[in-house]
Every structure is written in C-alpha cells, then in structure tokens.
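Encoded as structure tokens, the structure appears first; notes follow it.
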Amino acid sequence: MDLSKLTNEKKLSLCRGYFRTGFALLPFVWAVNAIWFFNEAFRKPEYEEQKQLKKYVIYSAIGAAIWSVVLTTWIVIFQVNRDNWGEFADRISFIIPLGS
Amino acid sequence: MMIFAKNGLILLILKLVLNSCNGDRIKDRMYIDVKASTSCFRRFNATHQVGCSSQRGGANGVIHFCTKESDLHFILKNGTAGPYVPIVPASLLTEKSVKLLKLSPKVSGLVVYPNNETLNSFTHDLKCPNENFAVPNTCGKNEITWNPRGTGLLFQDIGFPVFFIDLYEDVTSVKECFQKFNNFSYDTQRDRALCSIQLNSFMYGAKNTPTCIRRSNIATNLNPMRVCDPLGSKNVWASLFPLATYNNETEEVKPILGQKYIVVASRSDAASLFDRTVGAESPITGLVTLLAVAKILKQLLPQNKNYTTNVLFILFNGESFDYLGSQRIVYDMERGNFPVETENGTSVFLPVIKAKDITLFIELSQLSRGDGHVFIHRYKLDRWNTRFTDLLKINSHSSLTLATSDGTLPPSSVHTFIRKYQNLSTLVLANHEREYSNRFYNSIFDNSTNINFRYFNRSDELVPIDSIQYHLVAIANTISKSIYQEVTGVRYEDGDVDLFELVNELLYCFLEDQNCKLHQVVGKIPQKQQDQPLNLYVGVDGNTNDAVTLIGFILGWLTGDIVGESNQNCTNISKNYAFRFYNMSVDMAHLNVTKCFRMVMNFTDAVSPAFIIEGYDWSSNLYSSWSESTWGDMNARLFLKPSAAQESMVMAVGSISIIFSFLIVYFIKSRSDILFCPTATQPSPVDC
C-alpha cells in the first residue's frame, strides 16, 4: 500500500487501527506500525492529524519495545534452564530439539 | 520443415550424450565412504546417558594415524590444524587415553582399528559388572574383582563419536591418505589441504531413560518422535519332560502339578562398545554347554517315569545390562506369570512355576578351557548344592579339574534370584575363581580365537583333547550325569555321550557362519545370511534379534519329541502354550528327512519390569532401566579439507560478491529512468 496516495485522515485511521490491533497480543503489528508511519509522524511537514498519529506511533514503538524485552528475557531464561526444568519444560515445549 | 528436422537431430544427439552421463553429485564425489565401520552409540539408565554421539550432521576432523601412545601425545601437543580425529589401534582405547582426549579441545572424534600384534585385553564393561544389581559384597572386596581389566568405557558418557574400522583395506586407505597429505611438516599443516574424516553418529535421545521415554510420548509435541527404546528381547525356556499331559485323541491338555524343578540356566546375550557383538566366551561357551546338557539329558531320560523332579532350561537375555532378563522372570514368577501369563495365578495348560518349586539353580557361566579348571561357586552352602557338588565330583570327566569356591558369586543371573530368595540353592559353574580368565569380556574381540575354536571336519581329522569342543562335551556329560542321578536316584553307569559333532556345529553356527546345518535343521534360516557371527546384543524391545529365535528353536529341537510324520497338519495341531509343533529335520546328517516335533519350549518377554509397571518410580533403582537412543545415519567418510587460507578466501569472495550485487541493484534502481526508456504509465485503477 502506498501511503503517499492516502489522505491524511485515512492514514490516521489506519495507524489507529494497527495500534488497537496490537493489543491482541500482537507486538509485531506495533513494530510494523511504528516503522511504517515513522516518516509520516516525524519527517513530514506538519498537518492536522500528525499530532495524533505521532502519539500512536510512539505508543506502538514503546509497546513493541517492552514486548521484545520481555520475550528476549523469557527466551534466554527458558533456553538456559530447559534442561534443568525437566518435565515442566518438556510439557510447555512444542518442539523438543533432538539429542539435547 | 528442414529447420525442424535439423533441430530434432540436435536434440536427439544431445539426449544420447546426456544419457551416457551418470548422476554422481559433486557433494557425494568429494567423499570416500569407510564402509566397514561400526560406531559406539548412546544408552540411558535412570539417571545418566552413556556412550557416544556426534553433533548433528557429523563431526569433522583432520585424521592423525597413531600406532603408539606417543603419536597421540604428539598430535595433541603439536597439531596446528585441528580439530583432529586420532586413528588409534585397539590397544590404545583405554580409560586413560579417552580421558586425555575428552579434556583436549583439539579432538572431535576417535577411530579405532584392530591391532596387528596380539591384544593384551579389550573389555569395556565395569570392573564389577552389574554391580548395582548384584548381591552386596560379591565384588570389589576380599580380593575379588571379576573383570579387573574392565575400562568401564561402555558406561561412560564419552561425548565425541567413536568408530571402529575392522576391514584391513579400509585401514590401509585411511593410512595412505594420511601419509600422502598429513604426515609431514606439522608446523605448516594449517596452510595446506589435509586428509580429514567425517564421523556421523548423531543420537536423538538425551539425558536419561525417564526423560527420553517421556519425550517420546508427549502429545503436545509438534514433531512427535521416538527418541529412545527400552532394551529388551526374549527369554527362552524349555523343559526336559513335558509340563503337561497331552491326549492325542481328544487333544486335551492338562498341566502336571506339584513337580519340583532343577533349573539349568545361562545368559544368551553379549554387549560391546560398538554396534557389533560376538560373545564367544560369554555367553556362547555356557550357552552351548547348556544345549549339550539338554541333548544328553534327553538321551538319558527320554521319558518321565513318574519322577518328581523335572529339569527346566532357561536362557536369560539382556543380562549384560543389569540382569534385565532374569529380573523380569523373577517379577513374573512372583505374580504367577511364569512360564505363561495367567489371569489369577492358575493356567489350564501349564503349571505355574514359583521360586519355591526350584530345588536347585545351576548356572553355566564362562566355560572356555583355560587350564581345565571348572569352579563350582556356591554362594551359600546348603543340603542341595552340597549334595549336587558331590554328584558332580563323582561323575566328573577325567579331563576336568573340579574345584569348589564357597561364598563367591560371579556375575550371573543367580544374583537376581538370591536378592529376592535368599534361601535358593544355587551353583554357578565357571572357569574362573576370583577374576575372569576372559580378557575380552563383552567386546568385539571375544571371538572364536579367544576360546581357541577351530571347526573340525570329523571325517578326516582327529579331535585333540585340548580342543574347546572336547572340553565343553566333558562338562556337559559331567553335569548331565549328575542331574540324571539327582532325578532318578541312580548313578548313570554307561559311558559318556559323544556329542562332539553337535558342539562343533553349534560353535561354528554361532561364531563363524550363520548359514550352517543347525539353522537348516530347525528351519529358521536367518533373514540375512552371512558368514559372520550371530549378533548377540540384546537389542530393543519389539525387535527380537535372530539369535534368540534360533537358539530357542535349537533348544526346542534338542528337547523335543517326534510325534509323527512331517506334514502340514503338524503345525496345525493344538496351538497352546504347553506344546508347540514344528516340522524339523531328524538330525544334522539328514537335513531333508523331516518329522513332526513336539516341543516344550517357549519365549517370555525379557523387558525390564521398570518399563511395564505403571507409574514406576525411576529413582527407586529397583529394576534395570536401560534404554537405547534412536539415530538416523551412522557412517564415516574421508574427504580432503582445504587449507584454512583457501577456506577464508572462498568465504571472502562470496561475501564480497553478495555486497556488490546489492550495490549494483541499488544503483540500477536509482538510475532506472536514465537506463531504461520511460514508458507511459497507466493511471492506477485503485487509489493505492
């Protein structure tokens, strides 16, 4: 989708839609939102809806950042301790690596 | 028209040319397979993993051909190219050198080849085999160490792949490759192409039996896969006299109750660090003696003349791995499930045999000739085994020296029984008193040479008195006559039964050529006919090896009765657990003359109770818990590894070209309006 062909109003509603969708435990949607609308929010000459758009972009970026920190921490903890946790770790795994 | 014909001709020629090419891929052509190789693999018990595994895809290493220990030290110290795979003679596969290799970061695997000179010893079982499931204080104390040369490597987590190459040609090709590329100016090894080997034996399972059994059964796993299987096979039992009466007319079968039993037992499995076993001394000497005893007793006592004692032959399987076969039989006996599984402890076909019905338990352990000594190990003296020892001495063959050893108990199935029933009267016959005379216990070198076996063609050769055949026949006669006297109460006065032919043929069958007369006699030719020893490794549950079936049927044949002419009806006669009917040859000399045999022989599961008890507590350590990892490929292949400089060069050229390609694409795109003529673009039909 080419953002340059959208009206500002449409952009805002699109950005808002992405932001809201992200609450359904979809951090990647927030990350996409933040990157995609970054130029619109910060590098375009000012327009009426920009203030709101900026807000959504920043919030999406923060949300995505928190998610990535939480996920990274969990993945590190899990990978380090998978072996020690024994049965519990196997039960919460979808794929158990062979030979370890 | 002309053009089409011309093109067609060209295509045809092209097709012919292409057809003559074969599709060898470059990635396959850069390797030379080392075919005659066998690998060490991974096993688990309740708490540990033992054995070897490579990483996924195989372990690569520069080969270093060693002939003596100093070669090994040399490469660990001076090698510049690493990682290495030392190629060592069997004599160097010791606890010490494996420890050294484990600690070295320069080693990624190990290859073992057979020694040129005679080996001193090669046994990787423990110094006290099966110690954790043995009667306490029977090993390691009072100067008794049964397997003093044992390295224990079979029960160590080695951590890198170990392969064994047994074909001389393969060893030579490895050596040639090493001489040509590696064996000069070690300082500059890094700078040139080197002969390397890839060892692939990646094991799927990890950690211990409870973990891998659990992982094999997890339902939420997206990629469900068996990562290990319990070790297991079949135990074999047969009785001298039928355990039931059979009415030929009504086909009615009734169990004979209230009998006492003399058990003659032996183990039927061997183990090895590698995926191949032989087991000449242990278990074949004992096993063949047992079969000979069965044959002699059948000849001396063809019918049950109201004797109160019967003889039960039992072959335990998986005994090398914490006595799993005998543990299962004891477990079954306790629950009234021996010799056949019952609902409430009684069977309509067979008497239920319990430990209290056994008056005497005789186990035949390693029995090769040595100096002619046979030791009678009596763990506890009692009325029964004292009397039987006297009988053995009375009936002893002149070539044997019988000696008693009281209070000692070598590794044997007896341990399992005594742990449960302290008062059982037992005897273990073996050629050793305090330590094995067998220097190759549970290894690939426990072969026919180890017991000095030579196959005789009797018609044209005289049998030397010091042959293994002669020795085993002498022991079998001694035991059989003693059992005869025990059962009948009368001494057997006639001479020895000449069983040379049978023992000769049995040993030949098990040790040298599977496609032998005895297998034809019982009509159980192995699926793969090979002129190599039977594989006696217990294997995994649900995949009974050929050896057990063959041995079982030979035992059944030796103790069976001919009930009629051979025909199709034979195998259709009443199918039940008490009797089995098969068409078999009458003897080895007349393979084509078959009769209908009635056998009182059957198989029982030899799988540790740990795997059948629901909710078994693995930490209880009550039963053997060995399982074997599964694996995909297992192979070794040679290749030429380029020098480090060349490897980096290829990497660099690749990286540079990919960066350039990105740059070029970027420039072309950004200057596309100059490079390509602008075309009139249609307005987009939609607004995005």
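Put a plus charge on the Cβ of each Lys and Arg, a minus charge on the Cβ of each Asp and Glu, and nothing anywhere else: the dipole of region B:95-174 about its Cα centre is then about 400 debye. Counting heavy atoms of the protein chains alone, B:Asp322 has an accessible area of about 20 Å² for a 1.4 Å probe. Accessible area buried by the pairing of B and A, both sides summed with a 1.4 Å probe, works out to roughly 1500 Å². With all projection directions averaged, the alpha carbon convex hull of the protein assembly as shown covers 53.6 nm². Its Cα centre serving as origin, chain B has a Cβ charge dipole (Lys and Arg +1, Asp and Glu -1) of approximately 1480 debye.
Computed over region B:350-429, the alpha-carbon pair-distance distribution with 10 angstrom bins reads 17, 50, 26, 7, 0, each value a whole percent.
Taking the three principal axes of the alpha carbon atoms in region B:254-393, the coordinate ranges are 45, 38, 31 Å, sorted in descending order.
Peptide packing for B:430-442, B:613-625, B:159-171 was compared via the average number of neighbouring C-beta atoms within 10 Å per residue; ordered from the highest value, the list is B:430-442, B:159-171, B:613-625. Per atom type, the protein assembly as shown shows carbon and sulfur on 55% of its accessible surface, probed at 1.4 Å. Can you figure out the FRET efficiency of B:Glu647 with B:Ser185, using R₀ = 30 Å and their beta-carbon distance, to the nearest 0.05? About 0.95, to the nearest 0.05. For chain B, the longest principal axis of the Cα atoms and the long axis of helix B:500-511 meet at an angle of about 20 degrees. In sequence order, region B:357-367 has phi-based couplings of 7, 8, 8, 8, 10, 10, 10, 9, 9, 5, 9 Hz under the Karplus curve 6.51 cos²θ - 1.76 cosθ + 1.60, θ = phi - 60°, and Gly or Pro positions carry x.
Could you tell me what fraction of 2.2 N^0.38 Å the Cα radius of gyration of region A:7-91 comes to, as a two-decimal ratio?
Relative to the rule-of-thumb radius for its length, region A:7-91 sits at 1.48.
Considering every alpha-carbon pair of region B:427-530, the percent of pairs per 5 Å bin, from zero through the bin containing the longest distance, is 2, 10, 16, 17, 19, 16, 13, 6, 1, 0. Here's how it looks for B:Leu402: its modeled amide H is under 5 Å from those of B:Val374, which are all 5 or more places away or on a different chain. DSSP finds beta bridges in the protein assembly as shown, and of those with both partners inside it, around 60 percent are antiparallel. Take each residue of peptide B:197-203, count the partner chain Cβ atoms within 10 Å of its Cβ, and average: the result is 1.
Where does the charge balance sit around B:Thr488 when Lys and Arg score +1, Asp and Glu -1, over other residues with C-beta under 15 Å from its C-beta? Each step should come with its number before you reach the end.
Numbers: positive: B:Lys260, B:Lys298, B:Lys305, B:Arg387, B:Lys481, B:Arg491; negative: B:Glu486, B:Glu493, B:Asp494.
Charge balance in the 15 Å sphere: +3.
What's the magnitude of the charge dipole for region B:573-665 around its Cα centre, counting Lys and Arg as +1 and Asp and Glu as -1 at the beta-carbon? Answer in Debye, nearest 20. Roughly 500 debye, rounded to the nearest 20.
Counting charges near B:Pro351 (Lys, Arg +1; Asp, Glu -1) among other residues having Cβ under 13 Å from its Cβ returns a value of +3.
Under a cut-off of 17 Å between alpha-carbon atoms, report the lysines in cross-link reach of B:Lys356, not counting same-chain residues fewer than 8 places apart. Within the straight-line cut-off, B:Lys356 pairs with B:Lys260, B:Lys380, B:Lys420.
Determine the shielding of peptide A:88-98 by partner chains: average, over its residues, the number of Cβ atoms on other chains within 10 angstrom of each Cβ.
Mean inter-chain Cβ contacts per residue within 10 Å come to 5.
Seen against the Cα atoms of chain B and their longest principal axis, helix B:468-488 is set at about 40 degrees. Placing unit charges on the Cβ atoms of the charged side chains and taking the dipole of region A:7-91 about its Cα centre, the candidate lying farthest along the positive direction among A:Gln79, A:Ile35, A:Ile66 is A:Ile35.
Distance between the pseudo-spin-label points of B:Lys420 and B:Glu251 (7 Å out from Cα toward the beta carbon): 3.5 nm. Computed over protein heavy atoms with a 1.4 Å probe, the accessible surface of the protein assembly as shown works out to 49 Å² per residue. Rounded to the nearest 10 degrees, the angle from helix B:2-20 to the longest Cα principal axis of chain B is 40 degrees. Loop-located GluC sites (Glu not before Pro) in region A:47-97 (DSSP state not H, G, I, E or B) with no more than 10 neighbouring Cβ atoms inside 10 Å: A:Glu48.
Please identify the DSSP H helices in chain A that span no less than 24 Å along the helix axis (Cα) and have a mean Kyte-Doolittle hydropathy of -0.5 or more. Flagged H segments are A:50-85.
Counting only DSSP beta bridges whose two residues both lie in chain B, roughly 60 percent are antiparallel.
The values are calculated or read from the model by the stated rules, or taken from the named source; none is laboratory data. In this text the structure is predicted, and so the values were computed from the model without any measurement. Using ideal geometry, Cβ is built from the backbone for each residue, glycine included, and neighbour counts are taken over all protein chains shown. What goes into the accessible areas is simple: the full protein's heavy atoms, side chains included, and nothing from ligands, DNA or RNA. Shrake-Rupley method; radii C 1.70, N 1.55, O 1.52, S 1.80 Å.
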